[in-house]
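To start, the structure under review is shown below, and the notes come after it.
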Amino acid sequence: MFERFTDRARRTIVIAQDEARELGHNFISPEHLLLGLFQTGGVAATALSQMGADVDAARACVAEGLSPGRAAGKADKLPFSPLAKKTLELSLREALRLGHKYIGTEHILLGILRIDKKDLVVVKTALGVDADQLRTRVIELLDGRLSASLLRSTALDDVLDRARGLAGTTPMTTGHLVTAVLADPRSQGAQALASLGVTEEAFAAALAQMPVDDTSDGRPRSLEIKIGDTTTTIDDPDLIEALRGMPADQLRATFDLLKHAIKKAGGPGAAA
């Protein structure tokens, strides 16, 4: 079943195992999966945040509500509890019910919310929000996302998320996108690149030799040009490229010509 999981859903499992270890548990429960969902982004994390759920408060509730067992070694792979297995099964059912061919964080959260109420005591306390309202919010977010990305694959959504993560606080570039594509060897793009002999390592090495400032990715989004008391902001990347480094007298002459042409044509700024 895990081959259906998105990258975020898989990270949720990894984080759930880490949370279980930190709390002294030798199993993965729905509560640990919930803690993982808070930290992996995506629809589930957004829904939890918008409903006012807090990961630190949730962790404290799980620590208090679940008794620690025999400490697991760092090399030990923690087993899923019966309820965690049931949660993953319900996640698959939720995905199928919604007509999705993948299992994302949203499906895991919906699976948790479908567990019998009597087994949800710790989970409900950790959530701190109404389960039915949370389910409704997840569906609303899904509807909005599907409407906004009707013609976009799940793999592409994951690529864009990875690329944003790689970019950090810098502008996202085509280099980040290709790196993110290669990170998912099962994607169509990665398989096509692999057929041409392109590997992650080779691309990373080539990318390191390409200073972003020497490429179109390094072009600024806007350029402010001040002539006299007038400041003009230009957003067109091709025009920016043409004007960058132009001497002031040439800029002035260029703008005078543009203003004359616009005035003659009766276009915007003709009365200026």
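For Ile103, the residues whose modelled amide H falls within less than 5 Å of its own, excluding neighbours fewer than 5 places apart on the same chain, are Phe5, Thr6.
For region 17-31, putting each phi into the Karplus relation 6.51 cos²θ - 1.76 cosθ + 1.60 with θ = phi - 60° gives couplings of 5, 5, 5, 4, 4, 4, 8, x, 9, 10, 8, 9, 10, x, 4 Hz, in residue order, rounded to whole numbers and with x for Gly and Pro. Considering only Gly65, Phe80, Phe2, the residue lying farthest towards the positive end of the dipole of region 1-98 is Phe2, judged by Cα position with unit charges set on Cβ. The share of Cα pairs per 10 Å bin across region 1-142, counted from zero up to the longest distance, runs 13, 48, 34, 6, 0 percent.
Exactly which trypsin sites (Lys or Arg not before Pro) in region 1-97 are in a DSSP loop and have at most 13 other Cβ atoms within 10 Å?
Working: sites: Arg4, Arg8, Arg10, Arg11, Arg21, Arg59, Arg70, Lys74, Lys77, Lys85, Lys86, Arg93, Arg97; in loops: Arg70, Lys74, Lys77.
Taking region 1-97 and a limit of 13 other Cβ atoms within 10 Å, the loop trypsin sites (Lys or Arg not before Pro) found are Arg70, Lys74, Lys77.
Within 10 Å, count the other beta carbons around each residue, average over each peptide in 129-137, 22-30, 106-114, and list them highest first.
106-114, 22-30, 129-137
The numbers here are math on the coordinates, done by the rules we state, and not lab data. Because the structure is predicted, anything quoted here is derived from the model rather than measured. Using ideal geometry, Cβ is built from the backbone for each residue, glycine included, and neighbour counts are taken over all protein chains shown.
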